[in-house]
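Asks: After the structure tokens below, expect a handful of questions from me.
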Amino acid sequence: MATTYLRRAYSSFAVHILDIPPRLLAFLMFLLVLSLPVTKPTEHILLLLIQASIMAIFACSWDLLVGRTGQISLGHALFFGLGAYITALLWFHYDLPVWVTIPISVLIVTGLAPLIGFPCLRVKGPYLALVSMALPIIVVSLISYFRDYTQGERGIAGLPGFFPSLPYGQRFVAEYFLTLFLLLVSSVILYRIANSRTGIVFVSILDDELASKACGINITKYKLMAFTISGLFAALAGAVSAHLLASGRSVTTASLDANLSFMVVIVAIFGGIGTMYGPIIAAYILQLIDQYVLVKIWNVPSEYHMLLFIIVIIILVLKWPRGVAKFVTDELDDLQEEREIEERGKHIWKRYRRKKRSPTPEA
Amino acid sequence: MIPRTRKTLALTAIAAIVVIAAVAIWWYNTIPTAERGLTLLKTKSIIIFGIVSGGTFALLALGFTLIYGVAGVVNMAHGSFFMLGAYIFYVFTSPKYLEVNIFLAFFIAIILTGVIGATVYRLTIHPVIEELTSLLVITVGVALVFERLMIIEFGPFHYPIPGFVGGYETILGVKVTYTRLLAFSVSLVLFAALWMFISKSKMGRAMRAAAQDLEAAKLMGVNTGRLFMLTMALSSILAATAGILITASTSGIAMPFMWLRPLVLSFAIVILGGLGSIKGTFIGSFIIGFVDNIVVFLIPEGSYLGGAAAMAIMVAVLLVRPKGLFGKRIELEE
């Protein structure tokens, strides 16, 4: 009896969890980041990587909502900021420990997400983008208005950390592993969701809403589901980041700021929308370029490096509108196709040339 | 009841106004006689400032709706042109840089912003005009670039924007500065001029054609690339005018983060009225102007809630009419 369950658990683990396409590559990269603290990096680098992991979770959740379901959201910091604020308020008013406030806040935001998604259901395209951008601004105004309860613009500082018993230097390493673990778990879950039947339904809504409705799909339910799942992980990222040393263990209205919403869009676009793994890589690369390469190696003054960074992003988006990762995978696909042609003979080559020349409308 | 057609919408609006008026009269009779003077003054302030700020908001949102209506571009950098107008105006009026006549400075500022707008359109927006997500990202990026440039050049400080004329006029016991009245009247004149331009001139006809059917307009020989660029220039000129007049008549300072609030306000107005509808923009801006002033005057410390109330009204209207008050109803396929 027990062995059957164990075998079933193992096979479901093997089929569902280990089935990430470039499996070995992902595993090796994970080993690389896992073994990084062995090289005794400075606190600055650890701080960067912790922030990058949080950004990666956040960008991944955005990618599920926008890249897979097509609900363009420019105010995703709403979920992030709500998660951060609720855990901070629970600590501030009820003095609860970290391991209680974070799950409660994630649960509350997950419960709120369908309510937030509800006004977004009726609108489409540019209207949706602008409405979603408006929602965090409403929340920021409410926080400023009820500043007796929420501390207003000053924010809430001095939140409890995760590992109070460890010495200061080791806390960074511990938090690094914690965020890495959370990133691994949430990205695997999001990837599995994105490639499950539900994920395919999400993509069908992105491709053609009317056609999927005609196929008998309850669009409302699936859109709300996308909002809820996406909100859950964004809230997780926000709630965890509020307690990290990397964010100074404080919450301000900056966690609901439009800049954060734009940042996640930039990260996801850079990595390739709808790939689910692209945003993770992009979060690390951009964070390292932004905070390390430009600051430490090239010594660019701090006013300029953000400017350079945004200009580079604009040029990248202009050059490859579908994202850098999509561009690379497309190139790889082309290479593979050419190799196949070399192996299988010239008649395929002719057909291939003809196909290339005639412009076929792409969906 | 959900108003589906324009007729039911108008009926609902009239019914709502009647109910509000009845409640207001009843409320006015309940308050004690000694406090009636203050309440009356507050009501008058709300009405006058609502009309004045509604008129100036119309100028702000007009450029946003124009470029969306003609080219289908959701221009997130609209607030940046607002900011650029104010900054260039500051440069040409302050004794620290170049001091010229204030009206000359105004014209230099709006024309320079127009040129910048056209350049931004050619370089960044034109290549991705088909893809909504790329477009949003690029225009947001442009807005952030301008914010950074202003921080690098001027620092995160506040700069004074001079008013055009001093003094104030007392209307029904409420003091309104001349700069504010100037902003209001310039806004109305520009609105009427633009309306005439779109309905009468050749380029306006081309704009309407492109808004109706892009492919057909191209087939009829409209150079849409050039048309969109000129529309963008016009839109940024309107934004810069709004930037100078609104900043001079309200806060009077220019700062690098001033682009977000006008952007959000123009969202609220334009979405309320329906994206791309000029009539809707006009009505939406008055609604938002009134809501803003009602919240500020009636709720204690209400200035914190000004933006939130505008947004809440916008979301509420969208729940009832997903394409705004005067937007097209949702077709089966986009």
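Asks: Based on alpha-carbon positions alone, could you give the equivalent ellipsoid semi-axes of segment A:131-284 from the gyration tensor, as √(5λ), descending, whole Å? Please report the intermediate quantities before stating the final value.
Replies: Details: eigenvalues 211, 97, 35 Å².
That gives 33, 22, 13 Å for the three semi-axes.
Asks: Which value in nm describes the separation of the simple spin-label points at residue B:99 and residue A:259, placed 7 Å from the Cα toward the beta carbon?
Replies: Placing both labels 7 Å along Cα→Cβ, they lie 3.5 nm apart.
Asks: Springs between alpha-carbon pairs under 10 angstrom, Gaussian network model over chain B: which of B:183, B:308, B:109 fluctuates most?
Replies: B:308
Asks: Among the GluC sites (Glu not before Pro) within segment B:29-137, which fall in a DSSP loop and have no more than 11 other Cβ atoms within 10 Å of their own Cβ?
Replies: Hits after loop and neighbour filter: B:130.
Asks: Something else: GNM on chain B, C-alpha springs below 10 Å: top fluctuator among B:265, B:104, B:245?
Replies: For chain B, modelled as a Gaussian network with Cα springs under 10 Å, the answer is B:104.
Asks: Using r as the Cβ-Cβ distance of residue B:41 and residue B:261, and R0 as 22 Å, what FRET efficiency do you calculate, to the nearest 0.05?
Replies: Result of the calculation: an efficiency of 0.20.
Asks: Hey, how many Å between the Cα centroid of segment B:155-211 and the Cα centroid of segment B:25-68?
Replies: Between the Cα centre of segment B:155-211 and that of segment B:25-68, the gap is 18 Å.
Asks: Oh, and also: With equal scatterers on the alpha carbons only and no solvent term, can you work out the Debye log10 of I(q)/I(0) for segment A:114-209 at 0.12 1/Å?
Replies: Cα-only, vacuum Debye calculation for segment A:114-209: -0.79.
Asks: Same structure, new question: Quick one: which residues, 5+ away or cross-chain, put their amide H under 5 Å from the amide H of residue B:254? H built at 1.01 Å from N.
Replies: B:159, B:161
Asks: Filter the cross-link list A:221/B:323; A:319/B:200; B:200/B:323; B:44/B:279; B:202/B:279; B:175/B:323 down to pairs whose alpha-carbon distance in this structure exceeds 29 Å.
Replies: Those over the limit are A:319/B:200; B:175/B:323.
Asks: Can you show me the helix-derived [θ] at 222 nm for the protein assembly as shown, built from DSSP H runs with n ≥ 4 at -39,500 (n - 2.57) apiece and divided by the number of residues, rounded to the nearest 500.
Replies: The per-residue figure over the protein assembly as shown is -23500 deg cm²/dmol.
Asks: Counting other C-beta atoms within 10 Å, and keeping those with at most 12, which DSSP coil chymotrypsin sites (Phe, Trp or Tyr not before Pro) do you find in segment B:71-180?
Replies: In loop regions of segment B:71-180 (DSSP not H, G, I, E or B), the sparsely surrounded chymotrypsin sites (Phe, Trp or Tyr not before Pro) are B:97, B:157.
Asks: In Å, the Kirkwood hydrodynamic radius of the protein assembly as shown over pairs of distinct alpha carbons? Working shown, then result.
Replies: Details: mean 1/r = 0.0363 Å⁻¹.
Here the Kirkwood hydrodynamic radius works out to 27.6 Å.
Asks: Rounded, prolate or oblate for chain B? Axes are the square roots of the Cα gyration tensor eigenvalues, ordered a ≥ b ≥ c, and the cut-off for rounded is a/c under 1.5.
Replies: It is oblate, given that a/c is not under 1.5 and a/b is not larger than b/c.
Asks: For residue B:171, which sequence-distant residues (separation of 5 or more, or a different chain) have an amide H within less than 5 Å of its own amide H, given hydrogens modelled in the peptide plane?
Replies: Excluding prolines and chain starts, which carry no amide H, the hits are B:176.
Read-outs throughout are calculated quantities, based only on the coordinates presented, and are distinct from any laboratory measurement. Quick caveat: nothing in here was measured; it's all calculated off a predicted structure. Positions of Cβ are backbone-derived with ideal geometry, glycine not excepted, and every protein chain shown enters the neighbour counts.
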